Every structure is written in structure tokens, then in C-alpha cells.
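Read-outs: derived from the displayed coordinates by stated rules, not from any lab. On a predicted model such as this, the values are computed, not experimentally measured, just so you know. Note: ideal-geometry Cβ built from the backbone for every residue, glycine included; neighbour counts use all protein chains shown.
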Amino acid sequence: MPLRAEKLLSVAAIIFISLATTAYALDVPLNTNAHVYFSPMGGATEAIVAEIGRAKAEILIQAYSFTSKPIAEALVRAKKTGVNIAVILDKSNLSDQYSAVTFTANEGIPTYVDAIHNIAHNKVMIIDRETVITGSFNFTRSAEFENAENLLVIKSRELASAYIANWTLHRQHSEQYKVGGIFKPELKKQEINRTFRY
């Protein structure tokens, strides 16, 4: 039996969001609803795919690890409907056997690599400047089926604004990935065939 917790939570709290490279926290008072999912097999991937499917204008992504085929396919479908999508990935995606970096770039989705930090460990999607998806859940098959993870889907324009500001901050020091392109020396161009698992 799946350990799925899709409870509608009444969130009325102060969320402290650490904006890593600026060394400050932002208080965001919330009075909204949220959905929470717990892995393994708690429906987090399905929830992400559903939220992507509801996108009308924009999806901004920060991901440490991204190998989920259903999520990647949902992004491609959204792009085909005219949704603007941009992705920031950790530099480990350049050498991982399975990664979205080449796939998203090949699909015409602007894809950036954040190599400034030891690890760009975010797992975030901001959809239409209103929905924030976050938690420990990497966008991978393992996160759905094998790991103990959590995922929150929160509807809040105030929270989304804070995450957009952080996304923009990291975008400014990230380098756009181009298939066959030359990266900065510290990134070391990788020639790897990347494919997706489930």
C-alpha cells in the first residue's frame, strides 16, 4: 500500500527561505493550502507532472539531479503549448550517466549549469509565479520508488516571488549549456550520451 500523504494542509506560518549566495533569510507569512507527498511511492512524480500540465506561461527549475522521464516528457509537452521554461542544474549533471542537461538543451529549453557552489542542491519548480514545488525530492526515479523523500506543492505568489528572486540570483552566475559547446575550464566539457530511466 503506497505511503501517500496527499493531505490538504492549512499553512499559516512563517517560512524562512535562505538565499544562499546573499547570506540572508526572508520571512514570508503564508495563509494558503499545500499538498504534501512522501516517498517511496507516494505520488510525488505524478503530482509534479500534473502541476507542469497546468502551467500556462512559465516554469523555472533548479535541480540537483534530474533523470525522471515522466517529468522531462511533461516539460516537453508544456513547451509545445507555449510555456516558457528555463532550467538550472548542478554541475554534476555534466558527468552523470543519466541527466537532463543534454535532453532539455536539445529540446530548446534554456538550460544552465550552476558551478559556483560546491553543490547546487536545490529541488525547486516555480510555475506561473504562483506555485512552488520544493522539498528533498530530486526529480529522479529513485526519489519516487526507492528513497525516503518529501515534496511540497504550495500555492503562494509571495513565496513564489522569493523563489524567483533566488532562481534569478543563481541564473546570473550560471553558464548556459549548449550541446557541443565549450564550457569554462572548471566545468570541463563532457561528451556523454545521456538517456532517461523511467
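Just the C-alpha atoms of segment 8-176: what Rg/Rh do they give, with Rh taken as the Kirkwood radius?
Checking Rg against Rh, the ratio lands at 0.93.
With the Cα gyration tensor of segment 38-106 giving a ≥ b ≥ c as the square roots of its eigenvalues, does the rule (a/c under 1.5 for rounded; else a/b larger than b/c for prolate; else oblate) give rounded, prolate or oblate?
Oblate, since a/c reaches 1.5 and b/c is not below a/b.
Can you work out the Karplus-derived ³J(HN,Hα) for every residue in segment 38-52? Use 6.51 cos²θ - 1.76 cosθ + 1.60 with θ = phi - 60°, whole Hz, and x for glycine or proline.
10, 8, x, 6, x, x, 5, 4, 4, 5, 4, 4, 5, 5, 4
Pulled fully out, how much extra length does the chain show between N33 and N150, if you take 0.36 nm times their separation in residues and subtract their Cα-Cα distance?
Contour length minus the Cα-Cα distance gives 40.5 nm.
Expected output is a single nm value to one decimal: the length gained when fully extending between S142 and I164, i.e. 0.36 nm times separation in residues minus the C-alpha distance. What is it?
Going from the current span to full extension adds 5.2 nm.
Pairs K80/K155; K80/K178; K91/K155: which exceed 26 Å Cα-Cα?
Violating the 26 Å Cα-Cα cut-off are K91/K155.
Let me know the charge dipole size of segment 8-176 about its Cα centre in debye, to the nearest 20, where only the beta-carbon of Lys, Arg (+1) and Asp, Glu (-1) is charged.
Once rounded to the nearest 20, the dipole reads 340 debye.
May I ask you to evaluate 6.51 cos²θ - 1.76 cosθ + 1.60, the Karplus curve with θ = phi - 60°, for each residue of segment 55-62 and list the ³J(HN,Hα) values in order in whole Hz, giving x for glycine and proline?
4, 10, 9, 8, 9, 10, 10, 10
Compute the distance in nm between two label points, each set 7 Å from the Cα along the Cα-to-Cβ direction, one at R171 and one at T81.
For R171 paired with T81, the spin-label model returns 2.1 nm.
Rounded to the nearest 5, what % of the DSSP beta bridges within segment 8-176 are antiparallel ones?
75 percent
Would you kindly derive the ³J(HN,Hα) couplings of segment 75-81 from the backbone phi angles with the Karplus curve 6.51 cos²θ - 1.76 cosθ + 1.60 (θ = phi - 60°), listing them in order in whole Hz, with x for Gly and Pro?
In residue order, the calculated couplings are 5, 4, 4, 5, 4, 5, 8 Hz.
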